[in-house]
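Visitor: Sharing a structure below in C-alpha cells format, with a few things to ask.
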Amino acid sequence: MVFAATMIALGIVGLIKGDFTVIWQPVPQGLPGRETLVYLCAFISLASGVGLLWRRTAAIAARMLLLWFLLWLLLLRLPAFSRGFTVDVYWAACQTAVMLAGTWVLYTWFATDWDKQWLGFASGENGLGIARVLYGLALIPFGLAHFTYLKQTALLVPGWLPWHVGWAYLTGATFIAAGVAVTVGICARLAAALSTLQMGLFLLLVWIPKVAEGSMTALQWGEVVVTWALTSAGWVMLESYRGKPWLGRMKTRRV
C-alpha cells in the first residue's frame, strides 16, 4: 500500500507540474516526444498505483509498471553509460533499478495463470531471483557514491551526531555490503532489512529536519521524494523474504 500510494503521489505531481517527477529524471531535453512521455509517465504512475490497491487489477497494474520501468532502464538509463561511469549516470540507473526490482516483486506476487504460462521466466521464483539481484546490484553504486563524494555525504550527517566522516564511510560500506549479500543470497533478508532501514533513516534524520526548517531547495525536495520512493521499494523487497532465514545462505531452486 505504501508503494502504491507513492506511485499515486508521483502521478498526481507529474500531472500538476506537467514535467517528469524526480524518479524519472534525468530525461534529455531533445528526446523525441518528450512532452508526451511526461504525461505518459504521470498516467502510468497514477493508474498503476490505483490498480495495485485492488486485487482484481493488481496483476495488470504490476505488469504495466514493470514493463515501463524495464523500458526506462533499457532505453534511457543503460545507454547513458556510453558517456562514462559518472555519478549522474549510475545514480539514475540504480534508482530506476531499485524501483524496477520492487515492482518486479509485486508482479511475482500478483501474477495470474496467464502470466505464469506465457511469462514464466519473469514470474514466480525466476522473476523473484532477478528482482533481488537487480536490487542488490543497485545498492553497490549507492555505497560507492558515499566514498566518491565523501565531503558532500558527511555534510548531510545531522549536526548532533559526532564523527560525520565516520558515518559517511559506515553508510557507504553498509550499502555495499548489503548489495553483495542480497546479490549472492547470503544473509539476504537481514541485508534487505538493514538497507531499507538505512534509507528510511536518511529520510527521518536528514531530510525531515530540513523540511521542518523550511529552507528546502528544489534539489533537496527531489532528494526527499527519491528517498521516500526508494524506501518504499526496499520495503517491498524486504517483504519478499518473509519466512526466509535471517542469516546464512538461502536455498535456491536450480533453474
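The values are calculated or read from the model by the stated rules, or taken from the named source; none is laboratory data. On a predicted model such as this, the values are computed, not experimentally measured, just so you know. Cβ sites come from the backbone with ideal geometry, for glycine too, and all protein chains shown count toward neighbours. Calculation scope for accessible area: heavy atoms of the full protein, side chains included, ligands and nucleic acids excluded. Shrake-Rupley method; radii C 1.70, N 1.55, O 1.52, S 1.80 Å.
Visitor: Measuring from the lowest to the highest alpha carbon on each principal axis, how far does the range 171-255 reach, largest first, in angstroms?
Guide: Cα spread of the range 171-255 along its principal axes, largest to smallest: 52, 22, 19 Å.
Visitor: Here's a follow-up. Peptides 222-234, 62-74, 93-105, 164-176: what's the order by average Cβ count within 10 Å, highest mean first?
Guide: Sorting 222-234, 62-74, 93-105, 164-176 by mean packing, highest first, produces 93-105, 222-234, 62-74, 164-176.
Visitor: Here is a follow-up. Please state, rounded to one decimal and in Å, the Kirkwood hydrodynamic radius that the range 13-121 gives when every pair of distinct Cα atoms enters the mean of 1/r.
Guide: Its Kirkwood hydrodynamic radius stands at 14.8 Å.
Visitor: With r defined as the distance between the Cβ atoms of A5 and L150 and R0 fixed at 35 Å, what FRET efficiency is calculated, to the nearest 0.05?
Guide: Once the sixth-power term is evaluated, E becomes 0.55.
Visitor: While we're on this one: Provide Rg and Dmax in Å for the range 107-193, with only Cα atoms included in the calculation.
Guide: Taking only Cα atoms of the range 107-193, I get Rg and Dmax of 17.5, 55 Å.
Visitor: Below 13 Å, Cα to Cα, which aspartates and glutamates can K17 reach? Residues fewer than 8 away in the same chain don't count.
Guide: Here the aspartates and glutamates satisfying the reach criterion relative to K17 are E35.
Visitor: Tell me, what % of the accessible area of the range 78-128 is carbon and sulfur with a 1.4 angstrom probe?
Guide: That share works out to 65 percent.
Visitor: Order the peptides 33-44, 149-160 from the highest to the lowest mean number of other Cβ atoms within 10 Å of their residues.
Guide: Ranking the peptides 33-44, 149-160 by packing returns 33-44, 149-160.
Visitor: Could you work out which residue, out of V236, V13, V211, moves most in a Gaussian network model of the chain, that is, has the largest mean-square fluctuation with Cα springs under 10 Å?
Guide: Between V236, V13, V211, it is V211 that shows the largest mean-square fluctuation.
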